[in-house]
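Heads up: the structure comes next, in structure tokens.
Bear in mind that the values in this text are calculations on the coordinates, not laboratory data. All values reported here derive from a predicted model rather than from experimental measurement. All Cβ positions, even for glycine, are placed from backbone atoms using ideal geometry, and neighbour counts span all protein chains on display.
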Amino acid sequence: MGEPLIRRRELYVGDLPTIVFGHRSLIWWGTLGMMAIEGTMFAIVIASYFYLRTRISNWPPGLMPPALKYGVLNSIWFLLSVVPNQWTKTIAEKGDLQKVRIGLVVMTMFGVGNLVLRGFEFTALNCQWDANAYASIVWLLLGLHTVHLLTDWFDTAVLAVLFFTGPLDGKRYMDASENSDYWYFVVLTWLPIFFVIYIAPRLL
Amino acid sequence: MSTVENISATTPHLDRHERLSLTWGDPPGILGWFMTVNHKRVGKRFMITAFIFFLLGGLLAVLMRLQLSRPENHFLGPDKYNQIFTMHGSTMMFLFAVPMMFEALSVYFVPLMVGARNIAFPRLNAFSYYVYVFGGIMLWVAFVYNAGPDVGWFAYPPLSGPAFTPGKRADFWAQMITFTELSGLAVAVEVVVTVMKTRAPGMSLNRLPIFCWAEVITSLMVIFAMPAVMLSSTMLIMDRLIATHFFNPSEGGDALLYQHMFWFFGHPEVYIIFIPGTGIVSTIIAAFSRRKVFGYTALVLSTVATGFIGFGVWVHHMFATGLPQLSENFFTAASLMIVVPTGVQFFCWIATLWSGRLHFELPMQWIGGFFFVFLIGGLTGLMLAAVPLDWQVHDTYFVVAHFHYVLLGGAVFPLFGAFYYWFPKITGRMLGEALGKLHFWLFFIGFNLTFFPMHILGLRGMPRRIYTYPVEMHWGSVNALESIGAILMGLGVLAFIWNVFQSNRFGRIAGADPWGAGTLEWATTSPPPNYNFLDLPTVGGREPLWENAPDQPIVTGVREDMREVLVTRPMDAEPEHLTLYPSPTIWPFLTSLAVTGLFIGSIFTPWAVVWGAIPVAITLTGWFWPTKKETEEKKEIEVWENR
Amino acid sequence: MNLFRHNSRVFGIAAILWLASCGGQQPQQTMFRPVGPMSARIEGLWWFIFAIAVAVFVIVWIFLAGAAARRRVHEQLPPELNPDPAREQRYLRRVMVATGITLVVLFAILGHTVVTSKYMNSLQSKNPVTIQVYGHQWWWEVQYPNDDASLWVTTANEIHVPVGVPIVLQTGSRDVIHSFWAPNIQGKRDLIPGHSSAIWFQVDKEGTYRGQCAEFCGHQHAHMAFYIIAESPEKFQAWLDQQRKPAPDPANATLAHGKDVFEKGTCMMCHTIRGTNAGSHVGPDLTHIGSRTSIAAATLPNNPGALAGWISDPQAIKPGVRMPPNPLTGPDLQALVAYLQSLK
């Protein structure tokens, strides 16, 4: 067509890495967004709990507070899980296939333990959700955290299976690292929720 | 990074264009329609769907105005009227305003304005559209079957609770919220990540277009505000379906808890609708004043301040509930202070106009309309902020006037301006002048005729949400006038629709940059190819097309036979790494079906949450599970950092 | 500019409408005819902010119209890439001045508001008239409490107050959220189940003032109004004394027959007439219904025709209301209406 040749400068980026971890990866930012959303939800439910507290003189109203046993056990189990969780995260960022497989299986099993104990926690709340507003908000708080526990456990299990069956590429190690981050979120949000469900009705 | 001087001939463009089109294209036919992850296709869907809901909501408004045009009219009975005003508010707020101002505009334009080939998390983007449209359809099908919600767009309990609204009406409303808020939250995360991590090199944060700033700040507001309404509507539906007592005063619950939660969302919601409007105003004023907008830093900080303070004023919707005086004074002060950043924006815009050379085209006419209408709305807002005065005008037609002035003034007028401004980019053709002027004047005059007298009616004692009123109140003639105004507005919108259809086929060809504007969306063809930019740009200033050097570097080294994307650093947009975006896939659509089944099923039985979770888990797994082919592609180009 | 002309045109239309609608024999339900100190202070606050709003609007539009007029060109010029720093500085100073003025104006509004707010909460008295109002779907339960139970008055939809005396209204709701609003007298207060709040006011001018529910409360929210009747302290006391008495006995055979129809029919299931067997609190108290100026929550005037129509088929007048139709024979209906009208 006879168009002139164009003299353009170029910014060459072809030798940049494709597998990155931490805040450099897009999936990290997506996970952070999820944490902001879900964290806000928890904060609002907890605020609602204390708001309802101001409206009722007797707390819990006409009921025993939740039994401590399973809540404390599960909290300990959560805190213990931090160790294999951190190990799995570090190992994923090194790309060690065998060790990541072990780590993900261990985390899946820890999650099963949490879920079983969580089931018992529900039975030990000393109330049904339809008893009164206090019961409703306690069930909501525990239920919301359980939804996170369940979905994160499912995530971990699927990822564990994938690491055995393949197909695998470097991106899956990024996913494994982010999965550990999300487990941290599940554990860390549990701590204030544990306090609100189990300790607050005994202190207030 | 090495900057290599190179001479590239133009003739290889043809091959590159074909190759990029192939890489970034969709499979053909209906299947391709459901599989697309292209942000422009998804963005257009949001625009068209949201506009259809705008028309439906407007139709409901016309029905309301017909009923109210005479005292003691029998055109609509109370049940129908109450459903209609609830559907009008819910449709306009949840199915039009946010999906259009936030989702549609940011999904289509933000990736283009930051110089990217697609939005971040493309599959999530496709999913968010399907979930939105299914939620809207669910609500309207319920309405058509006389099961539409009838408790107002905010659905206060106990009226909306199980004792006073039996049946499924309020449940459809509550679940519609779940659909639309899920969609909004997903898009919010995509927008933040697109802007923070996929900007063109050289686009440091102080060179980010103001429209993108507006949409990022809106996204952050969505992330922190929408959870509140998701919770309040879920708690309402639980009260109604499984006998929880969150809002039941006789079992320790509290009707005011709902109001606090709802308005903690509800006030940021209106700024979520308005802040993109301010982004549009800044964009259009700069383009047509032929200078960079005055006070960029002040405008950005004002938007941040508005977003922030917007979370601290929600109680001003509850001034009539009998609050402690200290609380009233605090929220009056905060509600007045939020005027300051908006005022700063106004002054910067006026300064831009005074120091520019104003070329007055159709988009600017709508900005003029914004200045008139939104300003009046903001001024009546001062009155509502003053508690004792609010005690008189709250829940009357004065408030109806106020919020229509700020919502139409702050969002719809800028939105029509944005349509006239960006239609050439989306379709490649200009919208017609004569029809455009007719549209503006019909809509502007009709709007003021409809809503200005409502201020007066409210001051003269007419409460809102009443399906009729007595003859003796002498409100009839003003109401009749308002109804005429509504017809004029409708005619204006019809002129717009006709203009769109005509211009889409016969409008003047626009070219890449008909307005001579400076931002990156104008640096490619109209409409853009599916890969957005032939050469990935770098930028040397805030208005790249005005300020880039003649030999401004282009980005090279990004693969064109795969969906490879450059990721840059959040603050200075220096190149950081490369990643692959997903190809078209059916899984987002399938997942949205599963999610829809779960949401709608749970209106009828709580067990739907359990059983419905299974297809959701399956589709999400399918979404995530990699294929052999794409895994091999990725391994081929894999480079680990620090190795 | 075109917009200027349209601006004034809209204001003109609005002004004419407003003037045209003043006057005429409509019920008093507006904040612009304050009859007490509370609503008067609120009206003052309104005019203060209104004046500021008009001034701001005019000033901003002077600048906008000025920019459009002075800086407009008719072709698309190339963009200005290097704005003159001195000019940008000048504009920066002007923006800062404008922002400063905005702050001052906002503080003025805040100050006036806080002062007015304090006034709203300042009307205290050792001897107020205490009235309790409870919202129902779709009528107003009104009580005049008294330490002596025999002096306690229960009525509905019509509130009498003495002029010149502080009144405290204690609010509540028996079902959903309503809002009590009589704009000539005071701002509104929401009636929220599970919450109670007190709102003070005083009426200084005798007259009848209409109020209306101002929080959407279901089907017949549009027809839930009430009257406040302000009268001299003597007349008020006379009214209160009369309300304290039980219903008068029927004075003749027709009235006795009417009372019979009332007691033998479904009326007793919802209504109270003190001094008879009817003691249900589901619906409004009818002990002195004959003395009220309106019925059905200020929807209809209180005359025999309206009352007969209401009793026969309330659903035709307020569809969805909780009162069922009562198909009575002509004589029965007439007797019942006559009896009720006799309960003054």
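So for the stretch B:98-249, taking the charge dipole from beta-carbon charges (+1 Lys/Arg, -1 Asp/Glu), which of B:242, B:114, B:160 sits furthest toward the positive end?
B:114
With the cut-off at 1.5 for a/c, could you classify the stretch A:1-108 from its C-alpha gyration tensor as rounded, prolate or oblate?
Details: a/c = 6.34, a/b = 1.90, b/c = 3.33.
Since a/c reaches 1.5 but b/c is at least a/b, the shape of the stretch A:1-108 is classed as oblate.
Could you list C:215, C:80 so that the one with the fewest beta carbons within 10 Å of its beta carbon is first and the one with the most is last?
Values: C:215 29, C:80 15.
Neighbour counts put them in this order, fewest first: C:80, C:215.
Lysines within cross-link reach of residue C:118: Cα-Cα under 28 Å, excluding same-chain residues under 8 positions apart?
Result set, ordered by chain and number: C:126, C:188, C:205.
May I ask for the net charge around residue C:88, where only other residues with Cβ less than 14 Å from the Cβ of residue C:88 are counted and Lys, Arg are +1 while Asp, Glu are -1?
Details: positive: B:291, B:292, C:87, C:90, C:93, C:94; negative: C:80, C:84.
Value of the local net charge: +4.
Based on DSSP H assignment, which helices of chain B show an axial Cα extent of at least 27 Å together with a mean Kyte-Doolittle hydropathy greater than or equal to -0.5?
The qualifying helices are B:39-68, B:122-144, B:169-197, B:210-241, B:255-289, B:362-385, B:433-459, B:476-506.
Just want the answer: with Cβ charges of +1 for Lys and Arg and -1 for Asp and Glu, which residue in C:327, C:222, C:49 is farthest toward the dipole's positive end in chain C?
C:49
Over the whole of B:151-160, what's the average partner chain Cβ count within 10 Å per residue? Rounded to a whole number, please. Kindly include the intermediate steps, with their values, before the conclusion.
Working: counts 4, 3, 0, 1, 0, 7, 3, 8, 10, 1.
Partner Cβ neighbours, averaged per residue: 4.
Between C:98, C:308, C:247, where does the largest GNM mean-square fluctuation fall for chain C, given springs only between Cα atoms within less than 10 Å?
Comparing C:98, C:308, C:247 in the GNM, the peak value goes to C:98.
Over chain C, with a Gaussian network built from C-alpha contacts below 10 Å, which listed residue (C:81, C:328, C:110) shows the highest mean-square fluctuation?
Of C:81, C:328, C:110, the most mobile in the Gaussian network model is C:81.
About the Cα centre of the stretch B:485-643, how large is the charge dipole given +1 on each Lys and Arg Cβ and -1 on each Asp and Glu Cβ? Please answer in debye to the nearest 20. Can you show the working numbers first?
Values: 11 positive and 18 negative charges, 162 e Å.
Roughly 780 debye for the stretch B:485-643.
Just tell me how shielded B:329-336 is by partners: mean number of partner chain Cβ atoms within 10 Å of each residue's Cβ, no decimals. Before the final figure, lay out the partial values.
Numbers: counts 5, 0, 0, 5, 5, 0, 1, 7.
Average per residue, whole number: 3.
Starting with the fewest neighbours, write out A:169, A:15, C:147 ranked by other beta-carbon atoms found within 10 Å of each beta-carbon. Walk me through the intermediate numbers first.
Working: A:169 21, A:15 10, C:147 6.
Final ranking by Cβ density, sparse to dense: C:147, A:15, A:169.
Taking R0 as 51 Å, what's the FRET efficiency between residue A:55 and residue C:316 from their Cβ-Cβ distance, rounded to 0.05?
Working: r = 42 Å, r/R0 = 0.82.
The calculated FRET efficiency here is 0.75.
Give, rounded to the nearest 20 debye, the magnitude of the charge dipole that the protein assembly as shown has about its Cα centre when Lys and Arg contribute +1 at Cβ and Asp and Glu contribute -1 at Cβ.
Values: 81 positive and 78 negative charges, 304 e Å.
About 1460 debye.
Work out the charge dipole of the protein assembly as shown with +1 on the Cβ of Lys and Arg and -1 on the Cβ of Asp and Glu about the Cα centre, then indicate which of C:66, B:538, B:435 is farthest towards its positive end.
C:66
So what is the calculated 222 nm ellipticity per residue for chain B, using -39500 (n - 2.57) for each DSSP H run with n of 4 or more, over all residues, to the nearest 500 deg cm²/dmol? Walk me through the numbers before you get to the answer.
Values: 22 runs with 398 residues, N = 643.
My calculation for chain B gives -21000 deg cm²/dmol from helical runs alone.
Please work out the FRET efficiency for the pair residue C:245 and residue B:74, using the Cβ-Cβ distance as r and a Förster radius of 45 Å; give the result to the nearest 0.05. Can you show the working numbers first?
Numbers: r = 42 Å, r/R0 = 0.93.
E(calc), rounded to 0.05, equals 0.60.
What's the local net charge at residue A:186, with K and R +1, D and E -1, over the other residues with C-beta under 12 Å away?
Working: positive: A:118; negative: A:38, A:152, A:155, A:181.
After counting each charged neighbour, the total is -3.
When Cβ neighbours within 10 Å are restricted to other protein chains, what is their mean count per residue of peptide B:230-237?
Details: counts 4, 8, 2, 0, 3, 5, 0, 0.
Neighbouring Cβ atoms belonging to other protein chains average 3 per residue here.
I'd like to verify something in chain C: which complete DSSP H helices, judged by Cα projection on the helix axis, reach 20 Å or more and average at least 0.0 on the Kyte-Doolittle scale? Numbers along the way, then the final one.
On the way: long enough: C:2-21 (29 Å, 0.68); C:37-71 (51 Å, 1.47); C:85-120 (52 Å, 0.57).
Helices passing the filter in chain C: C:2-21, C:37-71, C:85-120.
Send over the per residue convex hull volume for the stretch A:56-154, Cα only, as a whole number of Å³.
Values: hull volume 9.7 nm³, N = 99.
Per residue, the Cα convex hull of the stretch A:56-154 comes to 98 Å³.
Expressed as a fraction of 2.2 N^0.38 Å, the rule-of-thumb size for a compact globular protein of N residues, what is the C-alpha radius of gyration of the stretch B:87-208? Mind dumping the intermediate values first?
Working: Rg = 17.8 Å, N = 122, 2.2 N^0.38 = 13.7 Å.
Compared with the compact-globule rule of thumb, the stretch B:87-208 sits at 1.31.
With a sphere of radius 13 Å drawn around the Cβ of residue B:256, what net charge do the other residues whose Cβ falls strictly inside it have (Lys, Arg +1; Asp, Glu -1)?
Values: positive: A:55; negative: B:254, C:190, C:215.
My count for the surroundings of residue B:256 gives -2.
On alpha carbon coordinates alone, what is the Rg over Rh value for the stretch B:46-135, Rh being the Kirkwood radius? Could you put the intermediate results ahead of the total?
Values: Rg = 17.5 Å, Rh = 14.9 Å.
Here the Rg-to-Rh quotient is 1.17.
Given the options C:70, C:174, C:33, state which has the largest fluctuation in a GNM of chain C using a 10 Å cut-off (strictly under) for Cα springs.
Greatest mean-square fluctuation among the candidates belongs to C:70.
Treating only the Cβ atoms of Lys and Arg (+1) and Asp and Glu (-1) as charged, compute the dipole magnitude of chain C about its Cα centre; round to the nearest 20 debye. Before the final figure, lay out each step's value.
On the way: 28 positive and 23 negative charges, 268 e Å.
Value, rounded to 20: 1280 debye.
At 20 °C and 1.002 mPa s, grab the translational diffusion coefficient of chain B from Stokes-Einstein with a Kirkwood Rh over Cα pairs, rounded to a whole number in µm² per second.
On the way: Rh = 25.9 Å.
Using the Kirkwood radius from Cα pairs, D works out to 83 µm²/s.
Fewest first, what order do B:576, B:103 take by the number of other Cβ atoms within 10 Å?
Values: B:576 20, B:103 33.
In increasing order of surrounding Cβ atoms, one gets B:576, B:103.
Need the C-alpha centroid separation for the stretch A:9-60 versus the stretch B:562-611, integer Å.
16
Here is the link list: B:44/B:80; B:80/B:168; A:69/A:99; C:235/C:264; B:425/B:634; A:171/B:629. Which ones come out longer than 25 Å on Cα distance? Show your work: numbers first, answer last.
Values: B:44/B:80 33 Å; B:80/B:168 16 Å; A:69/A:99 34 Å; C:235/C:264 36 Å; B:425/B:634 34 Å; A:171/B:629 14 Å.
Correct reply: B:44/B:80; A:69/A:99; C:235/C:264; B:425/B:634.
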